[in-house]
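We did not get these values from a lab; they are worked out from the coordinates using the rules stated. The structure presented is a predicted model; accordingly, all values stated were derived computationally and were not measured. As a convention, Cβ positions derive from the backbone with ideal geometry for all residues, glycine included, and neighbour counts pool all protein chains shown.
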Amino acid sequence: MSIRKLNHICLIGTKRYTWAINPKIKKSLDENNKFIKAYNTSSLSLITIAALTPPDIDISYIDEDFEEIDFDIQYDMVGISAMTQQVIRSYEIAKEFRKRGTYVVMGGIHASFLPNEALEWVDTVIMGEGEDLWPQFLEDFKNNKEKKIYKQPEGTFVDLTKSPTPRYDLLTRKDYFKNNKIFYNMIPIQVSRGCPHNCEFCLVTKCYGSKFRKKTIEQIIREIKKIKEYFPGKVILFADDNLFIDKKFSKKLLKTIKDLNIRWWAQTDISIGEDEELLSLIYESGGLLLLIGFESIDPENLKLININSWKYKQLSNYSKNIERIQKHGIIVFGSFIFGLDNDDKNVFKNVVGFMDENNITGQLTIATPLPGSRLLERLKREDRLLENEPFWDKCTFFDVLYKPKKMTVEELEDGFIGAYKQVFNEKVQAKRVQYLKEIYKKII
């Protein structure tokens, strides 16, 4: 059997539609956009896939947010990664390339949970993590033995100590960094995968497992140094879903990177406020901001989010730990979800008041039933969905997709818009800035 030609692969990050589909909500969010610190990064998945590709294969990288796709360029293969809100556009891209005879493979969270749907549009689906599966697929492709679906054996996950340094060099070929307000303003890196909390609305535990897996500190240092080589001075985004689950490892890592002179953001949970040593190390190693998923300040909502009610058990420490974190010079960027089952019309003023009292900024979203989530399955059983599948382009986290329990759809939409206006405006922003300035005066 002849070996199939594979000289040039194009990896495509599909356009991300930042705001809502609903015109009323989209208009309001657009008006308040100037008060929101957005972070723009490349697809870490795609540049990792590039690093897993043999060096004799040429790789092109296209981020559709910043660059139009030329469908008439002849590639031997196109690889697409997409989240749910991007996937309909991804299918359009796949269709155009396949019309021209190009082989299309898809990965990403959506295709991992709905592979048969994706196969209506692409030739092969890579489900879940790619470190083991991508090289296997490429070898099969060259030998004309490729399969429709590649999936890790049940119950097994990738050994991250074998994950390669992402191809950060691919990003230097593009004009993506000239204007921070438009292009990438930070560079992603990933230390770990897996989360023990298994929230109803989230896919992380289902996709990556509950066990916390991590790279070696030596790997992480190599990757940071590579980022610094190509993008000196850029803020680094740790793309982990929760960077500080393993506190002992985290402290060792932070002590190691203290001398690298970097600035970084990360995601974590509120329990880190209990650990003074960890907070000091975060600040000393260049930690600027932590995104923390509070989700709700309603006890009944928090009891239902996790099977073990983990978030509910943290509620009494929310304010105390926020203060501890920010007094170390670290900005708390809180994440809150509206439309959970115990939310009524009072939820908006309660969350706005909580954010104001604790001097935090953050992101406000509407609960979104993603494919593969327990939330979607429950809403189906309860016959509460407002849209027929596929409604994937509306999974923006700013659109109402199901009937709330304790308010109307219109009340949820209007309350969300009102909360956004109260949280993101010049007066409130100035108050938060002044609060942080006073903290920095005491630290420096």
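So if each residue of separation counts as 0.36 nm, and I subtract the Cα-Cα distance between GLU389 and LYS162, what length gain in nm does that give?
77.9 nm
Starting from 0.36 nm per residue, how many nanometres of slack lie between GLU357 and TRP19 once their C-alpha separation is accounted for? Show your work: numbers first, answer last.
Working: separation 338, 0.36 × 338 = 121.68 nm, distance 2.72 nm.
Stretched fully, the GLU357-TRP19 segment lengthens by 119.0 nm.
Estimate the FRET efficiency between GLU323 and GLU410 by the formula 1/(1 + (r/R0)^6), using the beta-carbon distance for r and 35 Å for R0, to the nearest 0.05.
0.45
Rounding to the nearest 10 and keeping the result within 0 to 90°, find how far the Cα-based axis of helix 217-230 lies from the longest principal axis of the chain.
Rounded to the nearest ten degrees, it is 80.
Rounded to the nearest 0.05, what FRET efficiency do GLU382 and ARG222 have when you use their Cβ-Cβ distance and R0 = 35 Å?
It comes to 0.10.
Cα to Cα, under 17 Å, and not fewer than 8 places away if on the same chain: which aspartates and glutamates meet these conditions relative to LYS15?
Partners found: ASP63, GLU64, ASP65, GLU67, GLU68, ASP70, GLU92, GLU96, ASP175, ASP393.
If one takes the longest principal axis of the Cα atoms in the chain, at what angle in degrees, from 0 to 90 and to the nearest 10, does the Cα axis of helix 347-357 lie?
Taking Cα atoms only, the helix is inclined about 70 degrees.
Rounded if a/c is under 1.5, else prolate if a/b is larger than b/c, else oblate: which is segment 240-310, with a ≥ b ≥ c the root eigenvalues of its Cα gyration tensor? Display every interim value, and only then the final one.
Working: a/c = 2.80, a/b = 2.30, b/c = 1.22.
Note, shape of segment 240-310 comes out prolate.
Using each residue's phi in segment 147-162, evaluate 6.51 cos²θ - 1.76 cosθ + 1.60 at θ = phi - 60° and report the 3J(HN,Hα) Karplus result to the nearest Hz, with x for Gly and Pro.
My calculation for segment 147-162 gives 9, 6, 10, 10, 8, 4, x, 3, x, 10, 9, 5, 7, 5, 5, 9 Hz in order.
Which entries in LYS206/LYS234; LYS151/LYS251; LYS211/LYS303; LYS248/LYS327; LYS27/LYS327; LYS26/LYS403 show an alpha-carbon gap greater than 26 Å?
LYS206/LYS234; LYS151/LYS251; LYS27/LYS327
Per DSSP helix of 4 or more residues, -39500 (n - 2.57); summed, then divided by the residues of the chain. What does that give at 222 nm, rounded to the nearest 500?
On the way: 17 runs with 162 residues, N = 444.
Estimated from H runs of four or more residues: -10500 deg cm²/dmol.
Modelled label-to-label distance, LEU436 and GLU120, 7 Å Cα→beta-carbon offset: nm?
4.5 nm
Would you mind working out the magnitude of the charge dipole of the chain relative to its Cα centre, with +1 at each Lys and Arg C-beta and -1 at each Asp and Glu C-beta, to the nearest 20 Debye? Before the final figure, lay out the partial values.
Values: 67 positive and 63 negative charges, 221 e Å.
Using Cβ point charges on Lys, Arg, Asp and Glu, the chain gives about 1060 debye.
Below 15 Å, Cα to Cα, which aspartates and glutamates can LYS162 reach? Residues fewer than 8 away in the same chain don't count.
Within reach: GLU129, GLU131, ASP132, GLU218, GLU223.
Could you sort 196-203, 125-132, 22-29 so that the peptide with the highest average Cβ count within 10 Å comes first and the rest follow in order?
Result, highest mean Cβ count within 10 Å first: 125-132, 196-203, 22-29.
Could you pull out the pairs from LYS148/LYS394; LYS147/LYS394; LYS214/LYS252 whose alpha carbons sit more than 20 Å apart here?
LYS148/LYS394; LYS147/LYS394
Distance in nm between label sites at LYS142 and ASP76, each 7 Å beyond Cα in the beta-carbon direction?
Output for this residue pair reads 0.8 nm.
By how many degrees, 0 to 90 and rounded to 10, does the Cα axis of helix 87-99 deviate from the longest principal axis of the chain?
10 degrees
If we sort 385-391, 161-167 on the protection proxy, mean other Cβ atoms within 10 Å, highest first, what's the order?
Averaged packing, sorted descending, gives the order 161-167, 385-391.
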